[in-house]
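Below is one structure, written out as structure tokens; comments come after it.
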Amino acid sequence: MSESANIDDPGAAAHTGEISRRFFLRAFAGGVAALSGACDGMTPVDAPAAEALSELTRATGGQLADLIRRKRVSSLEVVEAHLARIAQINPRLNAVVKLRADEARAEARAADKALARGKHLGPLHGVPMTIKDSIDTAGVVTTGGTTGRTNFVPAEDATVVRRLKEAGAILLGKSNTPEMTWSYETNNAVYGRTNNPYGLDLSPGGSSGGAGAIVAAGGSPFDVGSDTGGSIRVPSHFCGIAGLKPTSGRIPRTGHIVPAEGLLQSFTVLGPMARSVDDLWLLFSVLAGPDWRDAALIPAPLGDPKHVRLRELRIAMHTDNGIAAPDAAVRQAVVDAAAALEAGGARVESKKPDALSDVLTIDADIFRADGSAWLKRLLDLAGTTDPGAEVDAALASEPLSSGELTAAVERLDAWRGRMLGFMKDVDAIVCPPCVLEALPHDAWVEHGVYAGFSYSFAYNMTGWPAVVVRAGTSSRGTPVGVQIIGRPFREDVVLALAGHIERELGGYRAPMI
């Protein structure tokens with residue numbers, strides 16, 4: 001793939017039905033040696049094995065779980081296919097930064113033996129995954145992209161990792177993140193820069209850029225990202241996958257490098273990233289709920305997207321929040337998504353919350369309130385003495401006085417009330433994830449570009465659930481996402497709307513890498 005080769009494969013739409021058994025019979029008649037050898041860099045993948053690899057690595061997590069459960073394919077075969085895909089693409093992407101191939105194979109064999117005994121481990125039995133490197137994984141180096149944690153090995157899994165393993169998932173490795181998750185560009189001094197599979201000269205976004213890139217490229221069915229200002233939704237947009245930022249208080253953050261305490265705790269959430277909206281719901285149902293460690297968690301019931309009736313919903317849509325104007329392809333994706341929802345029976349009206357005009361000043365005041373002393377504490381805890389340029393720049397901010405701080409918090413709360421008032425007569429908002437259709441490397445630090453991400457971080461400030469799903473394609477051939485925001489704890493509504501958009505507009509399409 002050349003630096004500019006970023007055109008989608010037209011025939012690579014995500015499967016919506018059962019995967020055929022024919023490629024397993026062709027590719028695995030002689031065992032998994034070809035795939036295993038390819039992963040270890042010893043032998044090339046022959047044509048039948050390559051076809052099988054492509055089919056397996058484009059399947060959704062839910063499809064793979066079903067195939068494994070019905071013994072149409074083994075967990076080991078699925079794991080080998082994904083390891084081989086990582087070996088094929090990761091040298092160009094640098095998305096997976098820590099691989100545990102042998103351990104994953106052993107766990108896959110154990111999962112297959114358990115199934116042979118009639119023991120089903122859970123809804124993700126034998127399905128591989130990757131996990132963002134800011135989230136703790138027991139026995140596996142977890143750096144958070146900062147040099148002080150280059151050799152840090154957590155003693156226990158983060159709650160989200162433990163829950164996924166208990167549901168039967170198998171960890172392949174860790175996906176790259178910017179230092180302390182503090183950037184819309186995925187780059188750090190420990191592992192370097194991650195590239196977008198739709199164009200190596202482009203960024204996958206951040207901070208869950210490694211997750212977005214490896215899921216889009218078929219190296220992993222799903223990942224778990226974190227989102228403080230768009231870090232799940234922005235990479236999902238740039239990488240053409242689906243990502244859910246749940247309501248603040250839904251999924252425990254225990255074991256994340258940015259902790260679940262402090263003035264900014266409500267901004268940060270963890271959530272799933274996958275190639276289908278169905279997978280988001282499957283993963284969300286596994287991840288949600290109190291762990292009795294994250295004090296902000298609320299035991300709210302989960303609504304099922306299948307029970308949402310599109311004809312009963314009122315949708316507000318806007319293509320411009322009045323702060324930064326989106327690229328033409330981004331605007332068109334929102335228009336097309338709104339039209340698809342309206343055709344499905346939803347009532348759609350063009351309007352936006354008036355309170356959005358105050359997003360930049362309120363967000364800036366809250367983040368600079370203590371002069372980034374909270375960030376300095378995290379660096380000290382990690383043992384980092386030489387942070388990267390973006391983190392170092394944040395540390396130079398001037399703190400507010402105590403009176404200015406309390407006034408800033410009061411303005412935030414009042415703003416949240418104004419935003420909530422808008423939702424009294426609206427079930428969801430459809431709008432851009434950000435202004436850019438594609439993100440060249442290092443471009444986000446340019447003057448004025450940060451304001452373009454206000455479409456995402458506004459909803460970290462409210463704490464409401466938001467999904468990004470692919471809804472279009474730019475003239476360059478890169479994917480373009482649309483964002484759907486809902487009322488607090490109504491993930492069922494945003495997932496139902498995202499699922500409708502995915503079905504009507506095509507959803508994920510694999511990159512040619």
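Axis angle, to the nearest 10 degrees, between helix 328-343 and the longest C-alpha principal axis of the chain: 80 degrees.
Here is the size of segment 303-399 from its Cα atoms: Rg then Dmax, 20.7, 56 Å.
Working from Cα pairs under 8 Å separated by at least six residues, relative contact order for segment 344-461 is 32 percent. When the solvent-accessible area of the chain is split by element, carbon and sulfur atoms take up 53 percent of it, the probe being 1.4 Å.
For segment 171-294, the square roots a ≥ b ≥ c of the C-alpha gyration tensor eigenvalues yield an a/c of 1.5 or more together with a/b not exceeding b/c, which makes the shape oblate. Put the Cα centre of segment 290-352 next to the Cα centre of segment 123-200 and the gap is 28 Å. Can you classify segment 189-237 as rounded, prolate or oblate using the Cα gyration tensor, where a ≥ b ≥ c are the square roots of its eigenvalues, rounded means a/c under 1.5, and otherwise it's prolate if a/b beats b/c and oblate if not? Rounded, because the longest to shortest axis ratio a/c is under 1.5. DSSP beta bridges fully contained in the chain are about 70 percent antiparallel. Only DSSP H runs of four or more residues enter the estimate; each adds -39500 (n - 2.57), and after division by the residues of the chain the mean residue ellipticity at 222 nm equals -11500 deg cm²/dmol.
Just to be sure I follow the definition: excluding the sites themselves, where is the longest run in the chain that has none of the GluC sites (Glu not before Pro) in a DSSP loop with at most 15 other Cβ atoms within 10 Å?
Numbers: sites that count: 3, 18, 156, 261, 446.
The answer is 262-445.
Quick one: net charge around residue 353, please, counting Lys, Arg +1 and Asp, Glu -1 for every other residue with C-beta under 15 Å from its C-beta. Kindly include the intermediate steps, with their values, before the conclusion.
On the way: positive: 314, 351, 352, 416, 418, 424, 487; negative: 320, 349, 354, 358, 363, 425, 427.
Local net charge: 0.
Labels on offer are [x] 0.91; [y] 0.96; [z] 1.13, and the one holding Cα Rg over 2.2 N^0.38 Å computed from this structure is [x]. Summary of the geometry: segment 256-274 and segment 437-513, compared by the centres of their Cα atoms, lie 19 Å apart. Charge tally around residue 456: other residues with Cβ under 13 Å, Lys/Arg +1 each, Asp/Glu -1 each, net 0.
For residue 424, no aspartates and glutamates have a Cα closer than 12 Å to its Cα, not counting residues fewer than 8 places off in the same chain. The mean sequence separation of alpha-carbon pairs under 8 Å and at least six residues apart, normalised by the residue count of the chain, gives a relative contact order of 18 percent.
Solvent exposure of the chain amounts to 36 Å² per residue of accessible area, where only protein heavy atoms count and the probe is 1.4 Å. Counting only lysines at least 8 places from residue 306 when in the same chain, those with an alpha carbon closer than 22 Å to its own are 245. Straight-line reach from residue 165: taking Cα to Cα under 17 Å and skipping same-chain neighbours fewer than 8 places apart, the lysines in range are 113, 119, 132, 174. Taking 7 Å steps out from each Cα toward its Cβ at residue 71 and residue 445 produces label points 5.6 nm apart.
For segment 431-513, the relative contact order works out to 28 percent when only alpha carbon pairs closer than 8 Å and six or more residues apart are counted.
The values are calculated or read from the model by the stated rules, or taken from the named source; none is laboratory data. From a predicted model like this one, the values you see are computed outputs, not experimental measurements. Reconstructed Cβ throughout: ideal geometry from the backbone, glycine too, with neighbour counts over all protein chains shown. Quick note on the areas: whole protein, heavy atoms, side chains included, nothing else; ligands and nucleic acids left out. Shrake-Rupley method; radii C 1.70, N 1.55, O 1.52, S 1.80 Å.
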